[in-house]
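The values are calculated or read from the model by the stated rules, or taken from the named source; none is laboratory data. Quantities reported herein were computed from a predicted structural model and do not represent experimental measurements. Cβ: placed from backbone, ideal geometry, glycine included. Neighbour counts: every protein chain shown.
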Amino acid sequence: MIAQNKTIAIIGGGPGGLLLARLLQNQGLQVKVYERDVSEGVRQQGATLDLHEQSGLKALKEAGLMAAFKQHYRPDAGKMRVADKNLNFFIDDHHSGAGYTETRPEIDRGPLRDLLIQSLLPGTIVWDSQFVSMERRLVGGGWKVAFKNGTKAEADLVIGADGANSKVRPYLSDVKPVYSDITMVELNIYQAAKHAPKMWATVKGGKLFILDEQKSIIMSAKADGTLTIYTGCKVAETWVKQSGINFQQHQSVADWFKATYAGWDEQLSEWTDGAFTAIPRPMYHYVDQNWVSTGDLTLIGDAAHRMPPYAGEGVNMALLDALVLSGTLCSDKQGSVKDALEAYEKEMIARAAAVTEDSLNNTVMLHGENALSDMMALMR
């Protein structure tokens, strides 16, 4: 095995990085995960994720984690409702009865992360390790990595799994992301049954897409009672800074939402009186990716291939990256670690380009003049 006796540092403890660590440990390799969070439960994790048979689920199966997944996934959380701004429903899986087939089982990001963490050997994750910089070792190859808390680590191979705003990525590629013409605002409504009871009931434990006026609202219910809302609007790349909205101030966010979605069903604004958080997220993607492979550094997940979320492929591609990369590193067919990274990157870049194209097409569709009819045609 070409990676035998190599020390491997994974920067970032999201689903992709954690699954990669699990797969490598299953093969007896030495791996550490360096995660910026100070502890496991320090912050809320994101919304519900749907895992796909040929990517996310395939990777979990190979890692021996399907039994754990089945304990935590949420049956029927993938049921979808699609409506216009007046909440006239055009698609409703809740009325499908026996005709509804769950092909993409859903799991909340928090429980997925928890089961991945629990699958690792004790001490694998080094918490409170926010990446600052790294430099190549003068002798023997590999890297010296520095973290914000003053600690340092060394590794023969570094894998950047540190998300869309990766700090590791510039050490491998100077390709910059391109704005996708849409900015989302992520809203998390806590105790939604109390603070937004009508919307909580309307979502019915699943997902709700509201498409109208070339804008979108996508809602999903979490098992902990949180309602996650993603708004999508065509705005300039600089909108977040130039809008004057204080996303830390509740009234400022509420005023923006009510103005932007004026004339939409009143119950869509009922959450504005309760407890919520708001995070603006301009959507970016990479085009024409390529880089010169090295023998000591690569990327997985959003660090490697950033894209809008409108195809549901982000976490699935990250988990599949982990599976493909672990396979090449543990293969006897590769002559060196560099050969293994080249093989992985060639497959990953081509695959991500195709998925990015799908995501961009969906981004345009969901915010187009005929979004509802196009969505209905897609779902048939």
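Would you mention how many residues in the stretch 266-279 are surrounded by fewer than 18 Cβ atoms within 10 Å (Cβ to Cβ) and either closer than 27 Å to ASP174 by Cβ or out of contact with any His (no Cβ under 6 Å at 6 or more places or on another chain) (or both)?
Qualifying residue count for the region: 8.
Conditions tested, residue by residue: (1) buried (at least 21 other Cβ atoms within 10 Å of the Cβ); (2) small (Gly, Ala, Ser); (3) modelled with pLDDT of 95 or more.
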| site | (1), (2), (3) |
| --- | --- |
| GLN130 | no, no, yes |
| SER133 | no, yes, yes |
| LYS148 | no, no, yes |
| LYS152 | no, no, yes |
| ASP162 | yes, no, yes |
| ALA201 | no, yes, yes |
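Show the residue pairs that are 6+ apart or on different chains and have beta-carbon atoms under 8 Å apart, the first residue being within the stretch 194-219 and over 17 Å from GLU266 (Cβ atoms) and in contact (Cβ under 8 Å) with a residue 40 or more places away in the chain, the second being surrounded by fewer than 20 Cβ atoms within 10 Å (Cβ to Cβ) and of a type in the set (Ser, Thr, Tyr).
Qualifying pairs under 8 Å: SER216/TYR230.
Considering the stretch 261-305 alone, what residues qualify as being in contact with a strand residue (DSSP E or B) (Cβ under 8 Å, 6 or more places away or on another chain) and within 23 Å of TRP200 (Cα to Cα)?
TYR261, TRP264, LEU268, TRP271, GLY274, ALA275, PHE276, THR277, ALA278, ILE279, PRO280
Can you tell me which residue within the stretch 165-184, out of those that are closer than 24 Å to VAL235 by Cβ, of a type in the set (A, V, I, L, M) and in contact with a Gly (Cβ under 9 Å, 6 or more places away or on another chain), is surrounded by the fewest Cβ atoms within 10 Å (Cβ to Cβ)?
MET184
Those residues that are closer than 17 Å to LEU172 by Cβ and among the hydroxyl-bearing types (Ser, Thr, Tyr), I need them from the stretch 311-362; list them, please.
Of everything in the stretch 311-362, those that are closer than 17 Å to LEU172 by Cβ and among the hydroxyl-bearing types (Ser, Thr, Tyr) turn out to be THR328, TYR344.
Could you grab me the full set of residues in the stretch 275-312 that are in a helix (DSSP H, G or I) and more than 11 Å from the chain's Cα centre (by Cα)?
None - no residue of the stretch 275-312 is in a helix (DSSP H, G or I) and more than 11 Å from the chain's Cα centre (by Cα), so the list stays empty.
Which of (1) farther than 27 Å from GLN27 by Cα; (2) in contact with a strand residue (DSSP E or B) (Cβ under 6 Å, 6 or more places away or on another chain); (3) in a helix (DSSP H, G or I); (4) among the β-branched types (Val, Ile, Thr) is the odd one out, the single condition VAL315 does not satisfy?
That leaves (1) as the condition not met.
Looking at ALA192, ALA161, ALA146 in this structure, which one is in contact with a Gly (Cβ under 9 Å, 6 or more places away or on another chain), aliphatic (A, V, I, L, M) and over 23 Å from LEU325 (Cα atoms)?
Going through ALA192, ALA161, ALA146 in turn, just one is in contact with a Gly (Cβ under 9 Å, 6 or more places away or on another chain), aliphatic (A, V, I, L, M) and over 23 Å from LEU325 (Cα atoms): ALA192.
Residue under question is TYR190, and the condition is that it be under 25 Å from HIS305 (Cβ atoms) and not charged (D, E, K, R); does it hold?
For TYR190, the condition - under 25 Å from HIS305 (Cβ atoms) and not charged (D, E, K, R) - is not met.
In the stretch 38-82, which residue that is modelled with pLDDT under 95 and of a type in the set (Asp, Glu) is farthest from the chain's Cα centre (by Cα)?
Taking the candidates together, the pick is ASP76.
Can you spot a residue in the stretch 309-322 that is at pLDDT 95 or above, more than 27 Å from LYS61 (Cβ to Cβ) and either in contact with a Ser or Thr (Cβ under 9 Å, 6 or more places away or on another chain) or not assigned by TED's automatic domain parsing to the domain that holds LEU116 (or both)?
no
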